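Chemist: Pasting a structure below so you can have a look.
Coordinate-derived values only; no laboratory data. A quick note: this is a predicted structure, and the numbers were derived from the prediction, not measured. Heads up, the Cβs are rebuilt from the backbone with ideal geometry, glycines too, and the neighbour counts pull from every protein chain shown.
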Amino acid sequence: MSRGLTVAPADGWTDDDLSWAPVDAWSDIPVPAHWVLEGHGKPAYTNTRFPFAIDVPNPPDENPIGDYRLIFDATPELTAGAVLRFDGIESAAEVHLNGRLLGETRGSRLTHEFDVSGTLRESGNVLAVRVAQFSDASYLEDQDMWWMPGIFRDVELVATPADGIWDAFAVTDYEALDGTGTLDLFVEAGSPVQLRIPELGIDLDASDGGVIGVGEVEPWSAENPRLYEAVLVSAGETVTLRLGFRRIEVRDSVLLVNGEPIQFRGVNRHEHDPEKGRVASPERMKQDLLLMKQHNVNAVRTSHYPPHPGFLDLTDELGLYVVLECDLETHGFEEIGWKGNPSADPEWRGAYLDRMQRTVHRDKNHASVVIWSLGNEAGTGTNLEAMAAWTRGFDPSRLIHYEGDWASTYVDVYSRMYAGFEEVRRIGEEVLTPAPFDATAAQIHRRSLPFMQCEYAHAMGNGPGGLQEYQELFDTYPRLAGGFIWEWIEHGLSLPGGGYAYGGDFGEDVHDSNFVIDGLVGPNREVRPGLVALAHWYTPARITVLDDAVRIENRYAFADLSGLTFTWSASPDVSGELKVGDVAAGEVVVVPFPDDLANLDLPEIVTVTAALAADTAWAPAGHVVGRGERVWLELPDAPEETSAPSVGSFDPVSLKLLSLGSLSLEGPEVGVWRAPTDNDRYPGWDERDLPPYAERWHVAGLDRTRTRVVSSSLDEDALRVSTRTAPAGRDFSVDGEFVWRRVSDSALTVDVTLTPGGTWPVEWARLGLDFVIDAAPEGLAWLGQGPGPSYPDLAAGTFAGRHQVGADELYTPHVKPQESGARAGVREATVSTAAGALKVTVLSVDDVAVTVSPWSRQALATTGHHHELEADGRTHVSIDLFQSGVGTATCGPGVLPRYRLAAKPGRVTLLLEAV
Ligand code: IPT
């Protein structure tokens with residue numbers, strides 16, 4: 001469907017003659033790069049919409065064109081025969097070498113090769129590449145990311161000697177029953193080819209390819225990525241392959257690797273760098289994969305295009321299962337009811353097949369690639385079926401994935417995105433009983449397939465909640481092969497003055513704002529709380545501390561637990577090793593407390609960790625992969641001697657506390673609102689008929705409550721204040737009873753009872769007591785869950801203990817400001833500020849969540865970017881009796897009912913001290 005790029009004037013730019021354009025008319029640009037990040041034009045972000053009219057196959061007239069010219073010399077080895085290879089050009093190009101049109105490119109994230117034999121000369125080659133930002137192919141490349149044109153991947157000349165090796169496809173297999181491997185080799189070469197696999201003692205003539213039994217091998221898996229080096233030697237060329245022997249298959253609706261059921265503990269990864277866009281560097285790729293492995297991730301979907309080729313060398317080596325996706329998405333057609341979708345138009349079949357074939361050919365020799373994915377969100381149509389059919393014929397050793405095929409007629413896994421908990425449960429359960437009598441053949445077929453969520457738990461902003469519930473489903477039903485979190489990296493672009501940009505920041509008239517900021521790691525790979533929680537649910541060793549024993553579940557598919565050491569520790573300050581013995585993959589052991597631990601009088605907190613016993617390629621010995629704990633915290637003693645406080649410390653009208661010792665502050669104000677998170681701003685997929693919580697809170701007035709003093713009394717033992725907190729124009733409230741007692745000049749206790757009055761039309765975000773201290777925050781030290789933040793459905797991965805953070809770690813620097821940073825399970829906390837510290841001790845049975853911030857909630861709710869937040873020099877402290885969960889409503893279910901906070905009473909007794 002190539003309609004050419006003849007959109008720019010014929011100005012002679014392709015000529016061999018260097019005089020046609022004055023040298024100073026050109027400026028230098030690095031390659032690889034996106035020109036919009038190099039000072040020419042601007043990036044633009046849309047999620048699903050095309051940024052131009054749907055007028056197939058025409059690109060818009062306002063189509064930025066980038067002309068590249070390079071003058072270079074070549075070695076005789078290359079002039080004897082070579083291809084010119086481009087690893088990625090967005091979105092289309094005309095390539096000329098020495099005045100000859102070599103051809104055009106389509107497929108931004110696919111490799112293009114041009115035979116330059118006979119055209120390439122030893123000196124003074126002029127390579128001229130005209131790149132168009134948009135082309136007919138843009139209709140196939142509507143992925144949710146920045147539109148960023150340019151030659152953004154490597155360009156290389158590759159010698160192609162006549163007696164060299166032109167193609168090789170090594171299909172490996174592993175038979176778990178007898179531990180042997182097989183290699184099915186296809187070679188195309190200009191001379192005889194010898195195959196050598198030194199480690200397996202193989203050295204044979206492989207000119208005709210064929211199936212070679214390699215005897216006993218160690219299989220490849222994400223847990224143990226064993227690779228064998230194989231060399232193919234022809235007269236003119238040596239090619240090195242790294243073979244991983246493994247089998248991926250489906251049996252009775254269960255996904256198996258090397259005969260064992262596996263679970264994808266996966267993430268979706270776009271390529272992104274805040275400075276360079278989709279220009280991948282070895283450092284970033286390695287950083288991403290190390291972070292994934294360190295957080296127990298075992299699989300990655302290359303959403304939604306083949307990654308930089310070097311990425312797959314690393315996944316082979318480090319051990320990650322890869323769902324390798326073709327560069328294809330036509331999502332913008334959804335806006336017009338999929339009318340004219342290229343997926344169903346035979347005229348586009350060639351383009352679809354071409355994309356898939358180039359995807360498969362480039363990456364077919366990587367052991368880590370276990371599934372080919374046809375693309376993302378491209379509707380349905382026979383062109384997708386044709387891609388599947390070709391792929392199945394060419395490479396039956398891998399499975400085929402495409403989420404859009406809900407009927408699963410041409411794929412090998414039933415895949416969905418963001419399916420809610422109940423639906424996932426039904427999908428897991430349905431294959432446990434025989435198919436209904438009236439099931440169609442297609443339904444029967446789909447029942448034979450495993451299920452995976454190619455996207456689930458949308459990691460946008462403060463979230464995602466619900467990881468535990470999904471994981472429990474995956475762990476319960478054998479058909480459920482896990483899933484892939486959306487997504488790994490937030491695609492913020494660095495702004496010159498600091499901070500990150502998202503959609504709309506470049507003046508785009510059509511954009512999707514911060515929907516491009518939805519990752520488990522920030523643009524510079526800052527670990528977000530969602531990743532800490534995910535590491536807990538993806539752990540290979542699930543640890544539960546019981547009353548007098550430790551339960552450990554081995555969640556590896558293959559490995560026993562000998563690669564991990566288990567350590568117990570109890571506060572205060574005792575620890576020891578926990579011997580767990582032999583525990584095979586999938587088994588559970590219950591190990592009694594060792595004597596040292598069992599004999600402790602009153603351990604407050606018992607923690608057991610699983611850590612790497614030895615260095616690995618991705619983390620050093622001692623790296624913690626799993627943790628369990630049990631908390632037996634005693635209540636602190638309440639002060640014995642108390643008296644009535646001095647009214648001088650309270651505001652005469654509001655009866656709020658104004659000072660404590662030398663600390664000047666104001667509070668408490670009863671609060672039920674939070675600065676809406678991204679998830680609060682969208683209705684969950686399970687309740688799309690309701691407005692999102694942020695809106696319902698605003699309509700009810702949670703964000704603008706005021707407090708009236710109903711009554712007060714002072715007698716010799718206490719100051720008693722009754723309050724009513726309510727929004728303007730509404731008749732529901734939170735009624736407060738505060739009983740203040742003096743402990744010392746700088747310490748008070750307060751008994752607080754909060755009761756909802758009237759009928760609240762919406763759940764609360766929290767129920768808390770807000771204080772503002774008149775000095776900037778400097779840090780927080782506490783006894784409770786930490787060190788990271790936690791919310792009721794996003795609490796895993798934090799652990800009980802004494803924690804401390806500095807001013808910068810109080811909050812999560814979400815690119816778009818929102819509520820963050822609550823520390824839950826708190827029994828005691830010291831908030832330090834420039835003017836002294838406030839210590840809060842919980843004297844009643846329940847714990848509280850403490851949020852400390854340099855910004856008010858109003859500021860967080862109304863500021864567009866983190867770097868635009870202006871601190872007001874005060875410390876905003878919330879002590880919450882209850883909090884709502886966060887959910888994953890931006891894509892997927894909202895907060896589960898059990899984590900919502902329907903209006904309810906709460907009580908707490910606090911000791912407040914200026915220290
Ligand atoms: C889903 C897309 O597949 C993914 O690319 C991303 O855009 C995600 O949404 C949102 O961040 S598709 C959508 C209809 C759920």
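Chemist: Principal axes first, then extents: for the Cα atoms of segment 2-159, list largest minus smallest coordinate on each axis, whole Å, largest first.
Modeler: For segment 2-159, the Cα extents along the three principal axes come out at 48, 32, 27 Å.
Chemist: For the chain, take the longest principal axis of its alpha carbons; what is the angle in degrees between that and the long axis of helix 467-476, to the nearest 10 within 0 to 90?
Modeler: In the chain, helix 467-476 runs at an angle near 60 degrees to the longest axis.
Chemist: May I ask for the angle, rounded to the nearest 10°, between helix 282-294 and the longest principal axis of the chain, with both axes built from Cα atoms and the value confined to 0 to 90°?
Modeler: For helix 282-294, the angle is close to 50 degrees.
Chemist: Right, something else. Distance between Cα centroids, segment 118-146 to segment 875-891: provide it in whole Å.
Modeler: 48
Chemist: With point charges of +1 on the Cβ of Lys and Arg and -1 on the Cβ of Asp and Glu, referenced to the Cα centre of the chain, which listed residue (His536, His331, Leu860) lies farthest in the positive direction of the dipole?
Modeler: Of the options given, the answer is Leu860.
Chemist: Scan around Arg301 for amide H atoms under 5 Å from its own, H built in the peptide plane at 1.01 Å from N, and keep only partners 5 or more places away or cross-chain.
Modeler: Val267, Asn268, Arg269, Val323
Chemist: Hey, another quick one. State log₁₀ I(q)/I(0) for the chain at q = 0.04, 0.05, 0.11 Å⁻¹ as given by the Debye formula over alpha-carbon point scatterers of equal weight, solvent excluded.
Modeler: -0.22, -0.34, -1.36
Chemist: Going by average Cβ density within 10 Å per residue, which order do the peptides 369-377, 685-693 take, highest to lowest?
Modeler: In descending order of packing, they fall as 369-377, 685-693.
Chemist: All other residues with a Cβ under 15 Å from the Cβ of Arg674 taken together, and with Lys, Arg as +1 and Asp, Glu as -1, what is their net charge?
Modeler: Spelling it out: positives minus negatives among the neighbours equals -2.
Chemist: When you count, for each residue, the other Cβ atoms within 10 Å and take the mean per peptide, how do 407-419, 164-176 rank with the highest first?
Modeler: The packing order, highest mean first, is 407-419, 164-176.
Chemist: Only Lys, Arg, Asp and Glu count, each charged at its Cβ (+1, +1, -1, -1), so figure out the dipole size of the chain about its Cα centre, rounded to 20 debye.
Modeler: It works out to roughly 1740 debye.
Chemist: Further question: Take the alpha carbon atoms of segment 207-279, find their center, do the same for segment 627-699, and report the distance between the two centers in whole angstrom.
Modeler: Cα centroid to Cα centroid, the span is 52 Å.
Chemist: Under Stokes-Einstein, with the Kirkwood radius over Cα pairs standing in for Rh, what whole-number D in µm²/s applies to segment 648-782 at 4 °C and 1.567 mPa s?
Modeler: D, rounded to a whole number, is 77 µm²/s.
Chemist: Given 10 °C and 1.306 mPa s, how large is the Stokes-Einstein diffusion coefficient of segment 165-249 in µm²/s, with Rh as the Kirkwood radius over Cα pairs?
Modeler: 122
Chemist: Another question about this same structure. As I understand it, the value is the acute angle between the Cα axis of helix 421-430 and the longest principal axis of the Cα atoms of the chain; what does it come to in degrees, rounded to 10?
Modeler: Between the helix axis and the principal axis of the chain, the angle is about 60 degrees.
Chemist: Per the helix-only calculation at 222 nm, which mean residue ellipticity applies to the chain, given -39500 (n - 2.57) for every DSSP H run of n ≥ 4 and division by its residues, nearest 500 deg cm²/dmol?
Modeler: -3500 deg cm²/dmol
Chemist: Report the Cα centroid-to-centroid distance between segment 317-353 and segment 60-75 in angstrom, as an integer.
Modeler: Rounded to whole Å, the Cα centres lie 27 Å apart.
Chemist: Okay, moving on. On a 26 Å Cα-Cα criterion, which of the cross-link pairs Lys339/Lys364; Lys293/Lys364; Lys42/Lys286; Lys286/Lys364; Lys42/Lys293 come out too long?
Modeler: Lys339/Lys364; Lys42/Lys286; Lys42/Lys293
Chemist: Ranked highest first by average number of other Cβ atoms within 10 Å, how do 178-187, 450-459, 762-771, 550-559 line up?
Modeler: Taking the mean over residues of other Cβ atoms within 10 Å, the ranking is 450-459, 762-771, 550-559, 178-187.
Chemist: Long-range amide H contacts for Ala549: which residues qualify at under 5 Å (H placed 1.01 Å from N, peptide plane, sequence gap of 5 or more or a different chain)?
Modeler: For Ala549, the qualifying residues are Phe593.
Chemist: Follow-up. What's the Kirkwood radius of segment 540-631 in Å, using all Cα pairs?
Modeler: Computed over Cα pairs of segment 540-631, the Kirkwood hydrodynamic radius comes out at 13.3 Å.
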